[in-house]
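In what follows, a structure is listed as structure tokens, so that the remarks can point back to it.
Values quoted throughout were computed directly from the atomic coordinates according to the rules given, and no laboratory measurement underlies them. Here the structure is a predicted model, which is why all the values come from computation and not from measurement. Here the Cβ positions follow ideal geometry from the backbone for every residue, glycine too, while neighbour counts run over all protein chains shown.
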Amino acid sequence: MKEIRLAQLVPFLDAELRLSDFSEDESANGLQIEGKAIARKAGLAVDACEYVFREASEKKIDFLLVHHGLIWGGLKSVRGVLRQRIKTLLDAEISLYACHLPLDWHPVYGNNAQLLKLLSIKKMGEFGKYHGRNISYWGRTAKEYSLDEFTARIDRVLNTRTSAVSFGRKVRTVGVVSGGGWFAINEAEKYGIDTFLTGEPSHSAYTLAEEMKVNLVFAGHYATETLGVKAVGDMLRKKFGIETEFIDHPTGL
């Protein structure tokens, strides 16, 4: 397999993933921890955590790209769990790169675009305004599904266990927001959405969905956010010829 210099890879990803478009993100997107100058193997994971870092070290990964990074809103101290996590990365000379909201929104590699693609939902437009800009999409299925048929399809595609709340609608126009995206239920009426798919359940979403008669589908925060990092990994392998590996650490949530 080939290799790439960190000094080349980081600015490429910054531009390709459009990090500059998301200046209001709480995540410190981009290179958070600097490791080896040369990357021969890239790892992909959802969460920056000790399990993932140790697996990356054992698998001889040089560059680790995650959706949920270590630094949110700036560092105030480095101690306890955070100290140990950073130490594990530095000891193994692993670079850590985080991409949060840009990887929810991205029209090609993003979690939500990938969800639409895997579920054969035709993308119709953006929605899900968060920190001043849309981070997600809505679309239409090729045919009408019952809610049970739709959730069974999600479970097969994502290898997850979906929960759903039916408000009597068939599934045809779907809004998708990966992770903790319940806030976007407010826009369902505007776009004629009959079914809202996100990761985590939310008490606050229930009464809005009930009154708008919008089905709620919860497929798991983790399961709905594995797709973006995997898509970026596929792109890196094809473009630069470097080896890539997804490190799976599901939470069941």
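One decimal place: the segment Leu75-Lys239 gains 55.7 nm when fully extended, by the rule 0.36 nm per residue minus the C-alpha distance.
The modelled label-to-label distance for the pair Ala7/Asp155, using points 7 Å beyond Cα in the direction of Cβ, is 5.3 nm. Coordinate range of the alpha-carbon atoms in the stretch 104-253 per principal axis, descending: 51, 31, 29 Å.
Straightening the chain between Ser163 and Asp148 buys 4.4 nm, computed as 0.36 nm per residue apart minus the Cα-Cα spacing. Over the alpha-carbon set of the chain, divide Rg by the Kirkwood Rh and report the Rg/Rh ratio to two decimals. With Rh from the inverse mean 1/r over Cα pairs, Rg/Rh is 1.00.
Work out the FRET efficiency for Ser23 and Leu118 from their Cβ-Cβ distance, taking R0 = 41 Å, and round it to the nearest 0.05. Don't skip to the end; give the middle numbers.
Numbers: r = 30 Å, r/R0 = 0.73.
Plugging the Cβ-Cβ distance into 1/(1 + (r/R0)^6) gives 0.85.
Angle of helix 6-16 to the longest C-alpha principal axis of the chain, folded into 0 to 90 degrees and rounded to 10: 20°.
Comparing Val157, Val217, Val78 in a Gaussian network model of the chain (Cα springs below 10 Å), the most mobile by mean-square fluctuation is Val78.
The helix-based estimate of mean residue ellipticity at 222 nm for the chain, built from -39,500 (n - 2.57) per DSSP H run of four or more residues and divided by its residue count, is -10000 deg cm²/dmol to the nearest 500. Dipole of the stretch 104-221 (Lys/Arg Cβ +1, Asp/Glu Cβ -1, origin at the Cα centre): which of Gly110, Val176, Ala188 lies farthest to the positive side? Most positive-ward Cα: Gly110.
Enter the angle in degrees (range 0 to 90, nearest 10) between the Cα long axis of helix 147-158 and the first principal axis of the Cα atoms of the chain, meaning the one along which they spread out most. Result, in degrees: 10. What angle do you read, to the nearest 10 degrees and between 0 and 90, between the alpha-carbon axis of helix 203-212 and the longest principal axis of the chain? In the chain, helix 203-212 runs at an angle near 40 degrees to the longest axis. Using 7 Å Cα-to-Cβ label points, what is the Ile38/Lys129 separation (nm, one decimal)? Roughly 5.0 nm, to one decimal.
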